[in-house]
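The values are calculated or read from the model by the stated rules, or taken from the named source; none is laboratory data. Since this is a predicted model, take the numbers as computed values, not measurements. Positions of Cβ are backbone-derived with ideal geometry, glycine not excepted, and every protein chain shown enters the neighbour counts. In case anyone asks, the SASA skips ligands and DNA or RNA and just uses the protein heavy atoms, side chains included. Shrake-Rupley method; radii C 1.70, N 1.55, O 1.52, S 1.80 Å.
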Amino acid sequence: MRRNSTPREDGFRMPGEFEQHSGTYIIWPQRPDNWRLGGKPAQKVFTEVAKAISKYEPVTVCVNEDQYSNARHWLPDDVRVVEMSNNDSWVRDCGPSFVTNGKEIRGVDWGFNAWGGLVDGLYFPWDKDDRVAQKICEIEKTDRYRTDGFVLEGGSIHVDGEGTLVTTEECLLNKGRNSHLTKEDIENKLKEYLNVEKIIWLKRGIYNDETNGHVDNIFSFVKPGEAILAWTEDQNDPQYEICQECMQILEQETDSKGRKIKIHKLLLPKPVLITDEESGGVDAVDGTLPRNAGDRLAASYANFYIVNGAVIFPMFGDPNDENAGKVLKEAFPDREIVGIYAREILLGGGNIHCITQQVPKAEEM
Ligand code: KQY
């Protein structure tokens, strides 16, 4: 059922990703103007991610009709596969952000315009993606809040579940999202729909991130009062200044409960560039962001996904892969740390966090 109230009015809050899940959603990749070779290499990696998560919690993979048989063939039997039309495979961004009152969950169905609509969106059209949140809420049998006229992607926010939200100005104040609203209007929407009290605005996300600097590629909560920040010590890298700026903001801020946030620095891999061969495998389509050889991708280990009992993180075949595993183990000592070689997801413009969406567990469903 569609609710005309807001989560705040109804006493629902968005839980942290580190809280218990009842499951995870993924969307199967296939579009040939984003995924090289018609998505075949990416499908293998998405399958690995689904398998890894399904050891810890139930996984549902949504797939367009023409790929249903293929996805069903490759995915293991304990992964549920459902037919669902979509334009691409970024469920973090087009899926619902779930909220809970402890007894029941409901979905927030944000407007979706492919990361910038006609201003600087990444493809056109995006109408099927914009209906994904409603469809997932129907499968999950949850009520839904639709934010007509307000665009937001799930990857552009992180919450601590106790009233704090972290985001970036680069993304939320970008002209392609809600240019009719002021920063204060946007804060009020976030407060109403996610029931948060305190918003921490980082300025920018990872260098050259096509999402206009989604926070989920640079920062993530570990638990209330503790977080991960992507980091580089390379002063010649444009990313250096961005990381310093984020750290300064976080050091000066307190969260909604007045706590200082303890930060774990997570060293980035060295810059990852698209090869000639990779670029040659992607169809060129007017209106879709091109994948040119030599372009720098927004590679970051901070795009990990927390599941019940584990953390699934991307690896790039970089010497820092091992360090990333160690830092994550220090931050999440009670969870298993599972690395997946994820260059193929990065080539599509995101990573493991962007292709997953958690359904939280309510205490008494
Ligand atoms: O959340 C994300 N990082 C999604 C990236 C989308 C890229 C579309 N080509």
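Here is how the numbers come out for the structure above:
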{"quantity": "Some residue of the stretch 185-205 being within 16 Å of the ligand (Cβ to nearest atom), open to solvent by less than 10 Å² (accessible area, probe 1.4 Å) and not basic (Lys, Arg)", "calculated": "yes"}
{"quantity": "Looking only at the stretch 136-173, and only at residues there that are part of a loop (DSSP other than H, G, I, E, B) and open to solvent by 30 Å² or more (accessible area, probe 1.4 Å), the one that is farthest from the ligand (Cβ to nearest atom)", "calculated": "Lys141"}
{"quantity": "Top-ranked residue in the stretch 290-309 [being open to solvent by 20 Å² or more (accessible area, probe 1.4 Å) and farther than 21 Å from Trp35 by Cβ; ranked as nearest to the ligand (Cβ to nearest atom)]", "calculated": "Asn308"}
{"quantity": "Every pair of residues 6+ apart whose Cβ atoms lie under 6 Å, when the first sits in the stretch 204-225 and is among the hydroxyl-bearing types (Ser, Thr, Tyr) while the second is more than 10 Å from the ligand (Cβ to nearest atom)", "calculated": "Tyr207/Pro238; Tyr207/Gln239; Ser220/His158; Ser220/Ile228; Ser220/Ala302"}
{"quantity": "Some residue of the stretch 330-342 being at pLDDT 95 or above and under 12 Å from the mean Cα position of the chain (by Cα)", "calculated": "no"}
{"quantity": "Residue tally, condition free of Cβ contacts under 8 Å to residues at least 24 places away in the same chain and either within 16 Å of the ligand (Cβ to nearest atom) or within 26 Å of Thr24 (Cα to Cα) (or both), over the stretch 174-184", "calculated": "0"}
{"quantity": "Qualifying residue in the stretch 209-222 (condition: at pLDDT 95 or above, of a type in the set (Val, Ile, Thr), within 16 Å of the ligand (Cβ to nearest atom) and assigned to a helix (DSSP H, G or I))", "calculated": "yes"}
